[in-house]
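Participant: Here you go, one structure.
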Amino acid sequence: MSAATIQRLALGLLVLGGLFGQAIASTNASAENWAEKMFSETKHDFRIVGRGTTAEHHFEFRNIYEEEVHVAAVRSSCGCTTPTVSKDSLATHETASIVATLNTSTFIGQKAATITVVFDQPYYAEVQLSVSGYIRTDVTFEPSEIDFGEARPGQPQDRKITISHRGNPGWRIQDVRSHCSDLQVKLSQPVVKPGLVQYEMEVRMKESMPEGDIRERLTLVSNDTQFPAIEMAVAGRVRPTISVSPAAVSLGTASVGETVGKRLLVRADDEFEIREVRCIDERFSFEIPKGKKKLHFLQMKFTAGDTPDRIAQKIEIVTDLPGDKTAECVATGTIR
């Protein structure tokens with residue numbers, strides 16, 4: 001083999017190697033992109049929070065794909081933030097959260113962390129989430145957050161919290177701001193003691209608070225020129241007027257022509273009647289129970305067609321509760 005031939009072969013291998021490397025890089029970028037598309041946000045700033053207070057943020061993600069998604073691990077670059085996952089396996093249309101908790105009891109000052117979420121299904125990918133915040137030592141809350149617990153729709157709730165500032169006796173809260181119109185705040189006059197300023201604050205959850213999880217925050221605005229604002233967490237849940245369980249129904253893998261049966265539990269605080277069940281897929285059928293009850297068992301059947309398919313179908317249960325309240329669930333499965 002001549003020297004010129006060897007040079008041409010070497011050049012060809014270099015070109016192929018470069019193209020192969022580009023293909024791998026493109027595949028990796030694509031893998032990361034599919035996972036990141038599930039997240040509604042990837043950055044959060046806790047801003048300024050008090051020592052020992054609750055500081056959590058939920059990075060929500062939703063499986064927008066036909067395949068099941070699985071979170072293999074979550075890790076943080078800094079001990080100032082602890083990450084957890086609310087649910088590690090998601091079927092189509094299911095949602096979950098990566099919960100980032102700022103460790104305000106053991107860290108102070110400006111902190112930042114990168115949370116890495118590792119997926120191993122349907123194939124490997126990593127998503128990086130960023131959090132930051134400043135933890136003050138001179139302001140504390142007792143209790144550490146406003147937590148309304150679980151309440152019925154339209155049921156107001158009241159909570160009290162003590163705000164303490166140690167240091168400057170001239171420190172004052174000038175305003176309390178909320179991004180939620182369904183919260184009402186009442187602040188007492190300050191109690192001033194040597195080296196201590198305290199406020200009692202009452203927070204009301206109004207009857208208009210919508211159903212679902214409450215993840216709000218209040219911003220306290222003070223006369224501190226260096227750190228004028230400090231954040232306070234507000235948590236709780238207004239349970240749905242009506243709910244269905246399971247919210248995600250797995251049909252498993254059905255053979256062509258096979259019928260799969262499932263039972264749904266539909267419940268509410270008040271007696272109700274199921275008026276109809278809506279589903280655009282004619283392969284689903286339902287046996288609607290009669291009468292008014294607080295709890296109904298709804299029989300669902302799915303009859304597989306004669307061709308392989310992936311199923312991801314929304315089911316809507318309509319009741320006679322005020323406003324024709326509905327409950328929804330998602331049925332997923334495979335026809336082989």
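Participant: If we only count strands (runs of 3 or more DSSP E) wholly inside region 1-106, which ones have 3 or more residues that are at pLDDT 90 or above and aliphatic (A, V, I, L, M)?
Facilitator: 69-76, 95-102
Participant: Right, something else. Which residue out of 109, 167 is free of Cβ contacts under 8 Å to residues at least 40 places away in the same chain, assigned by TED's automatic domain parsing to the domain that holds residue 212 and among the small types (Gly, Ala, Ser)?
Facilitator: Being free of Cβ contacts under 8 Å to residues at least 40 places away in the same chain, assigned by TED's automatic domain parsing to the domain that holds residue 212 and among the small types (Gly, Ala, Ser) holds for just one of 109, 167, which is 167.
Participant: Could you tell me whether residue 154 is closer than 19 Å to residue 136 by Cα and either small (Gly, Ala, Ser) or in contact with a Pro (Cβ under 9 Å, 6 or more places away or on another chain) (or both)?
Facilitator: no
Participant: Within region 246-266, how many residues turn out to be at pLDDT 95 or above and closer than 22 Å to residue 150 by Cα?
Facilitator: Total meeting the criteria: 2.
Participant: Among the residues that make up region 160-180, is at least one of them within 30 Å of residue 72 (Cβ to Cβ), modelled with pLDDT of 95 or more and either exposed (fewer than 15 other Cβ atoms within 10 Å of the Cβ) or under 26 Å from the mean Cα position of the chain (by Cα) (or both)?
Facilitator: No, region 160-180 contains no residue that is within 30 Å of residue 72 (Cβ to Cβ), modelled with pLDDT of 95 or more and either exposed (fewer than 15 other Cβ atoms within 10 Å of the Cβ) or under 26 Å from the mean Cα position of the chain (by Cα) (or both).
Participant: Moving to a separate point now. Please find, among 276, 287, the residue that is closer than 23 Å to residue 211 by Cα and among the charged types (D, E, K, R).
Facilitator: 276
Participant: Out of the residues in region 181-190 meeting the condition of being within 28 Å of the chain's Cα centre (by Cα) and among the hydrophobic types (A, V, I, L, M, F, W, C), tell me which one is surrounded by the most Cβ atoms within 10 Å (Cβ to Cβ).
Facilitator: 183
Participant: Can you name the number of the only condition in (1) in contact with a Phe, Trp or Tyr (Cβ under 6 Å, 6 or more places away or on another chain); (2) part of a loop (DSSP other than H, G, I, E, B) that residue 161 fails?
Facilitator: So residue 161 meets the others, but not (2).
Participant: If you check 297, 272, which single one turns out to be farther than 23 Å from residue 68 by Cβ and touching a residue at least 40 places away in the same chain (Cβ under 8 Å)?
Facilitator: Only one candidate qualifies: 272.
Participant: How many residues are modelled with pLDDT under 95, farther than 17 Å from residue 95 by Cα and not aliphatic (A, V, I, L, M) when one looks only at region 304-319?
Facilitator: Result for region 304-319: 6.
Participant: Which of the residues spanning region 48-67 are under 20 Å from the mean Cα position of the chain (by Cα) and either on the phi > 0 side of the Ramachandran plot or of a type in the set (Gly, Ala, Ser) (or both)?
Facilitator: Of everything in region 48-67, just one residue is under 20 Å from the mean Cα position of the chain (by Cα) and either on the phi > 0 side of the Ramachandran plot or of a type in the set (Gly, Ala, Ser) (or both), namely 55.
The values are calculated or read from the model by the stated rules, or taken from the named source; none is laboratory data. Here the structure is a predicted model, which means the values were calculated and not measured. In this analysis, Cβ positions are derived from the backbone assuming ideal geometry, glycine residues included, and neighbour counts consider all displayed protein chains.
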